[in-house]
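This report refers to the structure that appears directly beneath it.
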Amino acid sequence: MTRGHAEASKVEAASAGTDGKAVTDTKTEARDEAEATRSGTGDTAKAGDVATRGEKDGEDAGDPWTAFGPAPDPVLTRPRRAVRAVGRFVVHEWTLAAVASLALAVLMTWPTLRYPRYTLPQDYWDPSLQSWQLAWSGHILLTDPGQLWSSNTFFPEPWSFAFSDTLLGYAPAGMIGAGPEDALLRYNIMFVLAHALATFGAYALARQLGAGRIGGAVAGASYAYAPWLLAQAGHLHILSNGGIPLALAMLARGHGWSLRHGYRPRRRHAGWAFAGWVVAAWQLSLGFGIGLPFAYLLAGVVLVSAVVWFVRRRRVKRPFGRRLFLADLLGGLVFAAVGAALAVPYFKVAELHPNAARTLGDIQLYSPPASGFFTAPAESRIWGGLHEGARAALPWHPEMTLLPGFVLYALAAGGLFFSVWRVRHRLFLLAGVLVTMALAMGTRFLDGRFTYVPLFEHLPGWNGLRTPGRMMLWTTLLLGLLAAGAVTAFCARVRELAAERVPPWPGPWLRLATLVPLLLVVVEGLNVTPHPVVPRQPAVMRTVDGPMLVLPSSQNLDQPVMLWSTDRFQRMVNGGSGFTPDSQAQAREATVSFPDFASVDYLRRRGVKNVVVLRDRLAGTPWEGMLDRPVDGLGVTREEVGDAVVYRL
């Protein structure tokens with residue numbers, strides 16, 4: 001139908017019931033206008049453009065209401081479109097959430113970035129080891145990737161990089177810089193970024209499940225800054241947990257599912273699902289300490305999804321969709337391939353070093369009592385001093401102070417009765433909290449017969465986890481989701497009260513009230529974590545070649561030595577990990593009498609060329625007094641290098 005006919009029809013309908021002459025005149029005008037529109041010209045073809053403008057002017061004149069119509073959208077140039085796109089990105093929720101997470105991480109971990117080249121959070125034992133891990137992975141992937149798992153430490157042991165969690169996913173950061181100071185700077189930056197990612201990941205998960213912005217912020221802050229995590233400040237592989245909630249959020253987004261709204265097929269997105277699997281694989285590459293339970297959780301989710309598909313296949317055509325199914329298949333294969341490739345070195349280590357295996361006795365040693373769930377570590381600014389007596393009653397308080405936060409407990413308890421989640425979902429979350437708490441108690445809950453021990457005995461790799469208390473990570477996440485539901489419902493109620501106001505806008509006190517839960521969670525996560533200065537690298541570590549042995553040697557003393565080797569990565573007998581290889585124990589025992597014929601002969605047979613003795617570390621060790629022993633007749637030369645003595649075998 002032409003424009004003229006359409007307008008004529010409208011005029012006829014509007015003019016029903018008027019006199020015939022008016023109707024006839026209107027029809028005539030409409031036919032004339034239609035003819036002018038079809039012809040596209042005025043009186044002559046030469047004046048086509050003028051006629052067209054005149055026709056438009058005529059239309060405007062015939063309908064005066066067009067003056068009040070919306071102006072046409074301006075045609076934006078490419079630079080203006082780019083500026084507008086950048087502006088939308090800057091003010092987008094996820095951009096603001098990322099920036100806020102990063103800013104909060106800097107503040108909550110302060111003074112980590114005050115002297116990042118000289119200090120480490122909590123102590124300089126395990127953080128020195130992990131600083132070396134980041135440096136080694138980046139260095140060897142750039143120079144000789146085939147030797148990744150045979151590191152420069154624990155000489156001459158193979159697969160030595162797999163003696164503990166590797167943080168391999170941070171290898172790209174390890175490719176930047178060289179030497180101990182850059183290694184410390186790299187570690188401290190990743191330490192802060194790990195907290196930021198944990199906050200952002202838990203926020204994204206809560207939002208995807210249906211929580212509001214403030215509820216999501218509560219979930220993010222409580223997950224990243226739970227008081228119990230302050231005792232783990234020296235374990236970057238435990239703090240690097242943000243990939244877990246982020247991957248779950250991406251997978252839920254890709255499958256169009258949320259806790260609040262259920263399954264919405266139209267919101268499925270194969271790209272998000274595949275990205276979720278990739279993030280999950282990256283999280284697994286940071287270590288099996290927390291990655292292994294995550295892998296088993298994903299396996300359980302896949303199993304449940306397969307059952308759902310089987311049940312619904314007759315009622316719903318392709319409940320997952322072909323593209324989503326392929327994304328899950330490819331993503332799952334990527335995740336499985338990464339997990340299998342990472343597991344091979346650890347199975348090799350277990351085969352070569354039977355003493356590396358954990359026993360139920362080890363699990364019992366680290367299993368916390370129920371009181372640990374209400375005890376904060378010494379690093380907590382709010383509760384540390386108040387809980388000193390409770391910590392003293394714990395057999396090994398660094399791994400048994402498991403308080404997720406009293407504020408979080410209260411908000412989660414409120415979320416059981418007042419929440420945006422359905423009742424059955426609240427009960428599922430509560431069940432998850434109770435189950436993970438029972439697992440976190442290890443053998444302390446019914447001797448672990450129905451909880452931790454079956455997993456330890458039957459699930460591959462689970463017997464490598466010696467600290468059950470780290471299951472508290474899942475308890476904290478589930479408590480945060482319960483709290484997010486309660487806070488979201490509270491904010492919704494505030495909006496309802498605000499709608500009753502005139503004008504309908506919340507006053508400052510109402511707005512402030514919605515932030516109180518978030519502020520309380522953040523305050524309870526404040527810390528007094530020490531940041532000791534790391535011992536400076538001895539000059540001898542920059543000149544002596546390997547294979548070498550640095551004395552004195554022990555688990556803790558060797559970890560800074562590993563850090564000092566990041567200039568040249570000389571091969572060395574020294575090394576610190578979750579267990580002590582028999583060969584290293586033998587080397588320490590054989591060199592207590594160094595230098596003598598037996599010890600020198602032993603080291604030569606091991607392929608060691610140089611022995612470095614650090615004077616300032618000898619006091620109180622089995623090697624004290626060794627510098628007074630002669631080297632005559634041993635074929636050994638002795639050289640003073642700064643505060644160290646070098647024996648060349």
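The values are calculated or read from the model by the stated rules, or taken from the named source; none is laboratory data. Computed from a predicted structure; not experimentally measured. Every residue, glycine as well, gets a Cβ built from its backbone with ideal geometry; the counts of neighbours run over all protein chains shown. Note: areas computed on protein heavy atoms with side chains; ligands, DNA, RNA excluded. Shrake-Rupley method; radii C 1.70, N 1.55, O 1.52, S 1.80 Å.
Compute the helix-to-body angle for 180-209: its Cα long axis versus the longest principal axis of the chain, expressed 0 to 90° and rounded to tens. The two axes meet at around 40 degrees. Against the criterion of solvent-accessible heavy-atom surface with a 1.4 angstrom probe, ARG186, ARG615 sort, most first, into ARG615, ARG186. Residue separation of VAL86 and ALA178 scaled by 0.36 nm, minus their Cα-Cα distance, works out to 29.6 nm of gained length. As a calculated quantity, the FRET efficiency between GLU640 and LEU352 at R0 = 45 Å, using C-beta atoms, amounts to about 0.70. Given a 1.4 Å probe and the protein chains as shown, TRP257 ends up with an accessible area of around 100 Å².
If a spin label sat at a point 7 angstrom from the Cα of ARG536 along the line to its beta carbon, the backbone N atoms of the stretch 633-649 nearer than 15 Å would be those of 642-644. Between ARG605 and ARG267, the distance separating the two model label sites (each 7 Å from Cα on the Cα→Cβ line) works out to 6.9 nm.
Let me have the relative contact order for the chain, percent, based on Cα pairs under 8 Å that are six or more residues apart.
Taking the mean separation of contacting Cα pairs over the length of the chain, I get 16 percent.
For a quick protection proxy, order the peptides 161-170, 194-203, 540-549, 74-83 by their average other-Cβ count within 10 Å, most packed first. Walk me through the intermediate numbers first.
Numbers: 161-170: 23.8, 194-203: 27.1, 540-549: 19.5, 74-83: 9.2.
Going from most to least packed, we get 194-203, 161-170, 540-549, 74-83.
Where in the stretch 478-494 is the amide nitrogen less than 19 Å from a point lying 7 Å along the Cα-to-Cβ axis of VAL304? Label zone hits: 478-485.
Each part reduced to its alpha carbon centroid, the stretch 120-156 and the stretch 473-515 end up 46 Å apart. Computed with a 1.4 Å probe over protein heavy atoms only, the accessible area of TYR602 comes to about 40 Å². Surface composition of the chain: carbon and sulfur atoms hold 63% of the protein heavy-atom accessible area at a 1.4 Å probe. Annotation for LEU96 and LEU618: the two label points, set 7 Å from Cα along the Cα-Cβ direction, are 6.4 nm apart.
Can you give the FRET efficiency for TYR115 and ARG381, using 1/(1 + (r/R0)^6), R0 = 25 Å, r = Cβ-Cβ distance, to the nearest 0.05? Step by step, r from the Cβ atoms, then E = 0.80. In the context of the full protein assembly, HIS261 retains an accessible surface of approximately 100 Å², using a probe radius of 1.4 Å and ignoring ligands and nucleic acids.
Look at where the Cα atoms of the stretch 324-381 and of the stretch 453-469 average out, and the two centres are 8 Å apart. Here the simple spin-label model places points 7 Å from the Cα toward Cβ, and for ALA590 and ALA498 these points are separated by 7.3 nm. Could you work out the helix-only [θ] at 222 nm for the chain, with each DSSP H run of four or more residues adding -39,500 (n - 2.57) and the total divided by the number of residues, to the nearest 500 deg cm²/dmol? Mean residue ellipticity, 222 nm, calculated: -17500 deg cm²/dmol. One chain, two ends: LEU142 and ALA370. Fully extended at 0.36 nm per residue, the span grows by 77.3 nm beyond their Cα-Cα distance. The trypsin sites (Lys or Arg not before Pro) found in the stretch 420-477 that occupy coil by DSSP, while having at most 11 further C-beta atoms within 10 Å, are ARG449.
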